Ligand SMILES: [Zn+2]
């Protein structure tokens, strides 16, 4: 399975990594034969999921529908918040150390783009 990229920040999301996937397809109603589009898979990393869920509603009916789904997931369980928090801790760990707690073992992912 090929890696996905967060739609918002373009960070690479490796298969199996914590993220939110939004699946979308369209199908005709009341038309024969019924047509069904291929499904699209849109991914958000934990930080962007939490950030979107905490933020104001976006513009556009489709965006609002996706926003509400992400809010449902983020508010249902703190796991995504924790994943976002852990990644944030990783970013802080990459900054020049001012203390002495920057020991070895901190995983550097190198995907952060600001
Ligand atoms: Zn992201």
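Within the bounds of region 90-99, is there any residue that is part of a helix (DSSP H, G or I), within 16 Å of the ligand (Cβ to nearest atom) and under 19 Å from the mean Cα position of the chain (by Cα)?
Checked region 90-99: at least one residue is part of a helix (DSSP H, G or I), within 16 Å of the ligand (Cβ to nearest atom) and under 19 Å from the mean Cα position of the chain (by Cα).
Between a first residue in region 1-29 that is in contact (Cβ under 8 Å) with a residue 60 or more places away in the chain and within 16 Å of residue 49 (Cβ to Cβ) and a second residue that is more than 10 Å from the ligand (Cβ to nearest atom) and part of a loop (DSSP other than H, G, I, E, B), which pairs have beta carbons less than 7 Å apart while being 6 or more apart in sequence or on different chains?
12/3
Each row is one residue, and each column tells you yes or no for (1) closer than 22 Å to residue 12 by Cα; (2) surrounded by fewer than 11 Cβ atoms within 10 Å (Cβ to Cβ); (3) modelled with pLDDT of 60 or more.
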residue	(1), (2), (3)
65	no, no, yes
74	yes, no, yes
99	no, yes, no
105	yes, yes, no
110	yes, yes, no
113	yes, yes, no
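Identify all residues within region 10-39 that are within 11 Å of the ligand (Cβ to nearest atom), farther than 21 Å from residue 75 by Cα and in contact with a strand residue (DSSP E or B) (Cβ under 9 Å, 6 or more places away or on another chain); write none if there are none.
Of everything in region 10-39, those that are within 11 Å of the ligand (Cβ to nearest atom), farther than 21 Å from residue 75 by Cα and in contact with a strand residue (DSSP E or B) (Cβ under 9 Å, 6 or more places away or on another chain) turn out to be 11, 12, 13.
From the residues in region 40-53 that are modelled with pLDDT under 95 and more than 10 Å from the chain's Cα centre (by Cα), which one is nearest to the ligand (Cβ to nearest atom)?
41
The values are calculated or read from the model by the stated rules, or taken from the named source; none is laboratory data. It should be emphasised that the depicted structure is a prediction, and the values quoted were computed from it without experimental measurement. Don't worry about glycine lacking a Cβ; one is built from the backbone with ideal geometry, like all the others, and counts go over all protein chains shown.
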